[in-house]
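The values are calculated or read from the model by the stated rules, or taken from the named source; none is laboratory data. Everything numeric here is computed off the predicted structure, so don't read it as measured data. Here the Cβ positions follow ideal geometry from the backbone for every residue, glycine too, while neighbour counts run over all protein chains shown.
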Amino acid sequence: MIEVRGLWYSYGEIVALRNVSLKIELGEVVAIMGENGAGKTTLIKHFNGLLKPQRGYVKVFGVDTREVTVAELSRRVGLIFQNPDHQLFAETVWDEIAFALKNFGFPKDVIERRVEWALKLLDLYSLKDESPFALSGGERKRVAIASVLSYDPDIIIFDEPTVGQDYAQKERLAQLIKLLQSQGKTVVVVTHDIEFVAENFPRVVVLSRGEVIADGATRKILTDNEILEKARLLPPQVTQIAWELSDFGVPRDLLWLPEIRDAILKIVGGRL
Ligand SMILES: Nc1ncnc2c1ncn2[C@@H]1O[C@H](COP(=O)(O)OP(=O)(O)OP(=O)(O)O)[C@@H](O)[C@H]1O
Ligand SMILES: [Mg+2]
(Lines give C-alpha, C1' and ligand atoms only; values in the text may rest on other atoms or scores of the structure.)
(Ligands and ions follow the chains in the order given, each with its own letter.)
Protein backbone atom coordinates (compact mmCIF):
# COMPACT_ATOMS: atom_id res chain seq x y z
CA MET A 1 0.00 0.00 0.00
CA ILE A 2 2.64 2.53 1.13
CA GLU A 3 6.26 1.49 0.86
CA VAL A 4 9.06 3.85 1.84
CA ARG A 5 12.63 2.71 1.28
CA GLY A 6 15.89 4.52 2.03
CA LEU A 7 14.16 7.91 1.89
CA TRP A 8 16.25 11.03 2.35
CA TYR A 9 14.93 14.57 2.16
CA SER A 10 16.61 17.92 2.90
CA TYR A 11 15.42 21.51 2.85
CA GLY A 12 18.69 23.16 1.77
CA GLU A 13 21.12 22.49 4.62
CA ILE A 14 18.50 20.97 6.92
CA VAL A 15 18.26 17.20 6.63
CA ALA A 16 14.65 16.40 7.50
CA LEU A 17 14.58 12.66 6.69
CA ARG A 18 17.53 10.27 6.95
CA ASN A 19 17.24 6.87 5.38
CA VAL A 20 13.62 6.26 6.37
CA SER A 21 12.10 2.88 5.51
CA LEU A 22 8.67 1.60 6.45
CA LYS A 23 5.66 -0.21 5.07
CA ILE A 24 2.01 0.43 5.72
CA GLU A 25 -0.38 -2.28 4.62
CA LEU A 26 -3.89 -2.02 3.25
CA GLY A 27 -6.41 -1.36 6.03
CA GLU A 28 -3.81 -0.55 8.67
CA VAL A 29 -4.24 2.22 11.24
CA VAL A 30 -0.88 3.71 12.19
CA ALA A 31 0.25 6.60 14.39
CA ILE A 32 3.40 8.57 13.65
CA MET A 33 4.99 10.30 16.63
CA GLY A 34 8.17 12.24 17.37
CA GLU A 35 9.49 15.56 18.67
CA ASN A 36 8.93 18.91 16.95
CA GLY A 37 10.99 19.00 13.78
CA ALA A 38 11.44 15.20 13.76
CA GLY A 39 10.32 15.04 10.12
CA LYS A 40 6.76 13.75 10.51
CA THR A 41 5.08 16.28 8.22
CA THR A 42 7.89 15.95 5.69
CA LEU A 43 7.37 12.18 5.66
CA ILE A 44 3.63 12.21 5.11
CA LYS A 45 3.92 14.83 2.36
CA HIS A 46 5.73 12.08 0.46
CA PHE A 47 2.69 9.81 0.71
CA ASN A 48 0.58 11.86 -1.69
CA GLY A 49 3.48 13.04 -3.81
CA LEU A 50 3.57 16.65 -2.54
CA LEU A 51 7.26 16.04 -1.89
CA LYS A 52 9.36 13.70 -4.01
CA PRO A 53 12.24 11.64 -2.59
CA GLN A 54 15.72 13.07 -3.08
CA ARG A 55 17.17 9.63 -2.38
CA GLY A 56 15.36 6.30 -2.00
CA TYR A 57 11.78 5.84 -3.13
CA VAL A 58 8.16 5.95 -2.03
CA LYS A 59 5.66 3.62 -3.67
CA VAL A 60 1.93 3.99 -3.17
CA PHE A 61 -0.27 1.20 -4.55
CA GLY A 62 2.92 -0.17 -6.08
CA VAL A 63 3.60 2.99 -8.10
CA ASP A 64 6.67 5.19 -7.58
CA THR A 65 5.38 8.64 -6.53
CA ARG A 66 7.87 10.26 -8.93
CA GLU A 67 5.96 8.72 -11.82
CA VAL A 68 2.54 10.20 -11.01
CA THR A 69 1.20 13.70 -10.44
CA VAL A 70 -0.05 14.96 -7.08
CA ALA A 71 -3.50 15.30 -8.65
CA GLU A 72 -3.59 11.61 -9.62
CA LEU A 73 -2.33 10.50 -6.23
CA SER A 74 -4.50 12.75 -4.15
CA ARG A 75 -7.67 11.19 -5.52
CA ARG A 76 -6.69 8.06 -3.61
CA VAL A 77 -4.53 9.56 -0.85
CA GLY A 78 -6.23 12.28 1.19
CA LEU A 79 -3.96 14.48 3.28
CA ILE A 80 -5.40 16.70 5.99
CA PHE A 81 -2.87 19.38 6.82
CA GLN A 82 -1.55 20.32 10.24
CA ASN A 83 -2.74 23.89 9.73
CA PRO A 84 -6.23 23.92 8.16
CA ASP A 85 -5.69 27.48 6.92
CA HIS A 86 -3.35 26.07 4.29
CA GLN A 87 -6.21 24.03 2.92
CA LEU A 88 -9.27 26.30 3.15
CA PHE A 89 -10.21 29.03 0.72
CA ALA A 90 -13.89 28.77 -0.33
CA GLU A 91 -16.63 31.23 0.64
CA THR A 92 -18.78 28.80 2.58
CA VAL A 93 -18.24 25.56 4.45
CA TRP A 94 -20.53 23.83 1.96
CA ASP A 95 -18.46 25.06 -1.04
CA GLU A 96 -15.28 24.12 0.71
CA ILE A 97 -16.37 20.53 1.11
CA ALA A 98 -17.79 20.38 -2.42
CA PHE A 99 -14.65 21.79 -4.02
CA ALA A 100 -12.59 18.61 -4.39
CA LEU A 101 -15.66 16.64 -5.46
CA LYS A 102 -16.33 19.15 -8.25
CA ASN A 103 -12.69 19.05 -9.24
CA PHE A 104 -12.72 15.29 -9.49
CA GLY A 105 -15.77 15.58 -11.73
CA PHE A 106 -18.41 13.87 -9.60
CA PRO A 107 -22.02 14.37 -10.80
CA LYS A 108 -24.11 17.01 -9.03
CA ASP A 109 -26.37 14.67 -7.10
CA VAL A 110 -23.40 12.70 -5.81
CA ILE A 111 -21.72 15.93 -4.73
CA GLU A 112 -24.81 17.00 -2.78
CA ARG A 113 -25.11 13.64 -1.11
CA ARG A 114 -21.44 13.44 -0.18
CA VAL A 115 -21.28 17.00 1.16
CA GLU A 116 -24.33 16.44 3.36
CA TRP A 117 -22.86 13.18 4.62
CA ALA A 118 -19.50 14.79 5.46
CA LEU A 119 -21.15 17.79 7.14
CA LYS A 120 -23.11 15.53 9.43
CA LEU A 121 -20.22 13.20 10.09
CA LEU A 122 -18.04 16.06 11.32
CA ASP A 123 -20.81 17.83 13.24
CA LEU A 124 -20.72 20.84 10.91
CA TYR A 125 -24.19 20.85 9.45
CA SER A 126 -25.37 23.98 11.26
CA LEU A 127 -22.29 25.84 9.97
CA LYS A 128 -22.70 24.91 6.30
CA ASP A 129 -23.42 28.47 5.12
CA GLU A 130 -20.74 30.18 7.19
CA SER A 131 -17.37 31.28 5.86
CA PRO A 132 -14.66 28.80 6.88
CA PHE A 133 -12.66 31.77 8.12
CA ALA A 134 -15.39 32.79 10.54
CA LEU A 135 -15.14 29.46 12.34
CA SER A 136 -13.16 28.51 15.43
CA GLY A 137 -9.83 26.72 15.02
CA GLY A 138 -11.30 23.36 15.99
CA GLU A 139 -14.21 23.81 13.58
CA ARG A 140 -11.89 24.80 10.73
CA LYS A 141 -9.89 21.67 11.32
CA ARG A 142 -13.07 19.62 11.01
CA VAL A 143 -13.97 21.36 7.75
CA ALA A 144 -10.56 20.36 6.40
CA ILE A 145 -11.23 16.75 7.47
CA ALA A 146 -14.71 16.78 5.89
CA SER A 147 -13.39 18.17 2.61
CA VAL A 148 -11.05 15.20 2.28
CA LEU A 149 -13.39 12.47 3.53
CA SER A 150 -16.10 13.64 1.13
CA TYR A 151 -14.27 12.26 -1.92
CA ASP A 152 -13.65 8.91 -0.25
CA PRO A 153 -9.88 8.36 -0.68
CA ASP A 154 -8.43 4.91 0.09
CA ILE A 155 -5.69 6.27 2.32
CA ILE A 156 -6.40 9.07 4.78
CA ILE A 157 -3.56 10.92 6.45
CA PHE A 158 -4.19 13.28 9.34
CA ASP A 159 -1.53 15.71 10.56
CA GLU A 160 -2.24 16.55 14.21
CA PRO A 161 -6.03 16.10 14.09
CA THR A 162 -6.59 16.35 17.85
CA VAL A 163 -5.03 19.78 18.27
CA GLY A 164 -7.70 22.26 19.30
CA GLN A 165 -10.39 19.60 19.71
CA ASP A 166 -12.29 19.29 22.97
CA TYR A 167 -12.86 15.95 24.64
CA ALA A 168 -16.14 15.23 22.85
CA GLN A 169 -14.71 16.05 19.42
CA LYS A 170 -11.66 13.93 20.14
CA GLU A 171 -13.93 11.03 21.01
CA ARG A 172 -15.78 11.57 17.72
CA LEU A 173 -12.49 11.57 15.90
CA ALA A 174 -11.58 8.24 17.49
CA GLN A 175 -14.95 6.85 16.36
CA LEU A 176 -14.35 8.26 12.89
CA ILE A 177 -11.01 6.48 12.63
CA LYS A 178 -12.72 3.23 13.67
CA LEU A 179 -15.40 3.80 11.05
CA LEU A 180 -12.81 4.39 8.35
CA GLN A 181 -10.96 1.26 9.40
CA SER A 182 -14.16 -0.78 9.25
CA GLN A 183 -14.58 0.45 5.67
CA GLY A 184 -11.15 -0.98 4.84
CA LYS A 185 -9.41 2.41 4.67
CA THR A 186 -5.78 2.88 5.55
CA VAL A 187 -5.39 5.60 8.18
CA VAL A 188 -2.18 7.36 9.15
CA VAL A 189 -2.24 9.89 11.97
CA VAL A 190 0.60 12.18 12.99
CA THR A 191 0.16 13.25 16.58
CA HIS A 192 1.84 14.29 19.84
CA ASP A 193 -1.21 13.12 21.76
CA ILE A 194 0.05 10.00 23.48
CA GLU A 195 -3.21 9.21 25.28
CA PHE A 196 -5.03 9.30 21.94
CA VAL A 197 -2.50 6.87 20.48
CA ALA A 198 -2.55 4.56 23.51
CA GLU A 199 -6.30 4.22 23.24
CA ASN A 200 -6.80 4.04 19.49
CA PHE A 201 -3.78 2.77 17.59
CA PRO A 202 -2.31 -0.74 17.42
CA ARG A 203 0.92 0.42 15.73
CA VAL A 204 3.21 3.41 16.23
CA VAL A 205 6.14 4.66 14.17
CA VAL A 206 8.46 6.96 16.12
CA LEU A 207 10.64 9.45 14.29
CA SER A 208 13.48 11.33 15.91
CA ARG A 209 15.76 13.75 14.08
CA GLY A 210 14.65 12.43 10.74
CA GLU A 211 15.15 8.75 11.54
CA VAL A 212 12.74 5.95 12.43
CA ILE A 213 13.80 4.98 15.95
CA ALA A 214 10.93 2.59 16.64
CA ASP A 215 8.15 0.91 14.67
CA GLY A 216 5.81 -1.68 16.11
CA ALA A 217 3.18 -2.54 18.67
CA THR A 218 1.88 0.46 20.60
CA ARG A 219 2.05 -1.36 23.92
CA LYS A 220 5.71 -2.13 23.47
CA ILE A 221 6.73 1.31 22.25
CA LEU A 222 4.70 3.60 24.50
CA THR A 223 5.93 1.79 27.59
CA ASP A 224 9.60 1.97 26.56
CA ASN A 225 11.15 4.86 28.44
CA GLU A 226 14.27 5.05 26.30
CA ILE A 227 12.33 5.50 23.06
CA LEU A 228 9.93 7.99 24.63
CA GLU A 229 12.73 10.14 26.03
CA LYS A 230 14.47 10.26 22.67
CA ALA A 231 11.28 11.45 21.01
CA ARG A 232 10.54 13.85 23.91
CA LEU A 233 7.30 12.10 24.80
CA LEU A 234 5.88 11.47 28.25
CA PRO A 235 4.40 8.01 28.75
CA PRO A 236 0.61 7.73 28.98
CA GLN A 237 -0.63 8.54 32.48
CA VAL A 238 -1.73 4.96 33.09
CA THR A 239 1.78 3.78 32.22
CA GLN A 240 3.32 6.35 34.56
CA ILE A 241 1.18 5.08 37.42
CA ALA A 242 2.05 1.49 36.50
CA TRP A 243 5.75 2.34 36.75
CA GLU A 244 5.21 4.04 40.12
CA LEU A 245 3.47 0.93 41.40
CA SER A 246 5.70 -1.68 39.77
CA ASP A 247 7.37 -2.47 43.15
CA PHE A 248 3.96 -3.62 44.34
CA GLY A 249 3.63 -6.04 41.44
CA VAL A 250 1.80 -3.89 38.87
CA PRO A 251 3.03 -4.80 35.35
CA ARG A 252 5.03 -2.01 33.66
CA ASP A 253 3.43 -2.30 30.24
CA LEU A 254 -0.09 -1.11 31.00
CA LEU A 255 -1.78 1.44 28.73
CA TRP A 256 -5.47 1.41 29.54
CA LEU A 257 -7.45 2.47 32.58
CA PRO A 258 -9.34 -0.84 33.02
CA GLU A 259 -6.01 -2.69 33.01
CA ILE A 260 -4.49 -0.66 35.82
CA ARG A 261 -7.72 -0.73 37.80
CA ASP A 262 -7.77 -4.53 37.58
CA ALA A 263 -4.06 -4.79 38.43
CA ILE A 264 -4.50 -2.60 41.53
CA LEU A 265 -7.68 -4.36 42.63
CA LYS A 266 -5.92 -7.69 42.31
CA ILE A 267 -3.12 -6.56 44.63
CA VAL A 268 -5.44 -4.82 47.09
CA GLY A 269 -7.87 -7.75 47.00
CA GLY A 270 -5.04 -10.17 47.72
CA ARG A 271 -4.21 -8.25 50.90
CA LEU A 272 -7.73 -7.94 52.25
N1 LIG B 1 9.50 24.38 4.06
C2 LIG B 1 10.58 24.21 4.81
N3 LIG B 1 11.73 24.88 4.58
C4 LIG B 1 12.84 24.68 5.33
N5 LIG B 1 12.90 23.81 6.35
C6 LIG B 1 11.80 23.11 6.64
C7 LIG B 1 10.59 23.26 5.90
N8 LIG B 1 9.65 22.42 6.41
C9 LIG B 1 10.26 21.79 7.42
N10 LIG B 1 11.53 22.19 7.57
C11 LIG B 1 12.51 21.67 8.56
O12 LIG B 1 12.58 20.27 8.43
C13 LIG B 1 12.60 19.62 9.69
C14 LIG B 1 11.41 18.66 9.79
O15 LIG B 1 10.21 19.41 9.77
P16 LIG B 1 8.76 18.75 9.83
O17 LIG B 1 7.79 19.83 9.59
O18 LIG B 1 8.74 17.58 8.93
O19 LIG B 1 8.74 18.27 11.35
P20 LIG B 1 7.53 17.69 12.23
O21 LIG B 1 8.01 16.41 12.81
O22 LIG B 1 6.30 17.67 11.43
O23 LIG B 1 7.43 18.77 13.41
P24 LIG B 1 6.15 19.33 14.25
O25 LIG B 1 5.89 18.34 15.34
O26 LIG B 1 6.67 20.62 14.82
O27 LIG B 1 5.02 19.52 13.29
C28 LIG B 1 12.59 20.75 10.71
O29 LIG B 1 13.92 20.96 11.11
C30 LIG B 1 12.04 21.93 9.98
O31 LIG B 1 12.58 23.13 10.48
MG1 LIG C 1 4.49 18.64 11.56
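Criterion first (touching a residue at least 12 places away in the same chain (Cβ under 8 Å), within 16 Å of ligand 2 (Cβ to nearest atom), within 18 Å of Lys23 (Cα to Cα) and in contact with a Phe, Trp or Tyr (Cβ under 6 Å, 6 or more places away or on another chain)) does Val206 satisfy it? Against the criterion (touching a residue at least 12 places away in the same chain (Cβ under 8 Å), within 16 Å of ligand 2 (Cβ to nearest atom), within 18 Å of Lys23 (Cα to Cα) and in contact with a Phe, Trp or Tyr (Cβ under 6 Å, 6 or more places away or on another chain)), Val206 does not qualify.
Within this structure, Gly78 fails the test of being surrounded by 13 or more Cβ atoms within 10 Å (Cβ to Cβ), out of contact with any helix residue (DSSP H, G or I) (no Cβ under 6 Å at 6 or more places or on another chain) and part of a strand (DSSP E or B).
Summed over segment 81-121, the residues that are within 19 Å of Val187 (Cα to Cα), part of a helix (DSSP H, G or I) and within 16 Å of ligand 1 (Cβ to nearest atom) give a count of 1. Within segment 47-61, residues that are within 13 Å of Val77 (Cα to Cα) have Cβ atoms under 9 Å from residues that are surrounded by fewer than 16 Cβ atoms within 10 Å (Cβ to Cβ) and hydroxyl-bearing (Ser, Thr, Tyr) in these pairs: Gly49/Thr69, counting only partners at least 6 apart in sequence or on another chain. Scanning segment 168-203 for residues being free of Cβ contacts under 8 Å to residues at least 40 places away in the same chain, outside any helix (DSSP H, G or I) and more than 15 Å from ligand 1 (Cβ to nearest atom) gives a total of 1. Within segment 100-110, identify whether any single residue is more than 16 Å from ligand 2 (Cβ to nearest atom), more than 29 Å from Met1 (Cβ to Cβ) and at pLDDT 95 or above, and answer yes or no. Checked against the condition, which is being more than 16 Å from ligand 2 (Cβ to nearest atom), more than 29 Å from Met1 (Cβ to Cβ) and at pLDDT 95 or above, segment 100-110 yields at least one hit. There is at least one residue in segment 50-57 that is within 16 Å of ligand 2 (Cβ to nearest atom) and either surrounded by 14 or more Cβ atoms within 10 Å (Cβ to Cβ) or over 19 Å from Thr162 (Cβ atoms) (or both).
When Leu222, Leu233, Leu255, Leu173 are screened for being crowded, with 17+ Cβ neighbours inside 10 Å, in contact with a Pro (Cβ under 8 Å, 6 or more places away or on another chain) and at pLDDT below 95, only Leu173 passes.
Just one residue in the set Glu13, Glu3 is over 24 Å from Ala174 (Cα atoms), within 16 Å of ligand 1 (Cβ to nearest atom), among the acidic types (Asp, Glu) and surrounded by fewer than 22 Cβ atoms within 10 Å (Cβ to Cβ); that residue is Glu13. The residue of segment 17-49 that is nearest to ligand 1 (Cβ to nearest atom), among those that are surrounded by fewer than 18 Cβ atoms within 10 Å (Cβ to Cβ) and hydrophobic (A, V, I, L, M, F, W, C), is Leu22.
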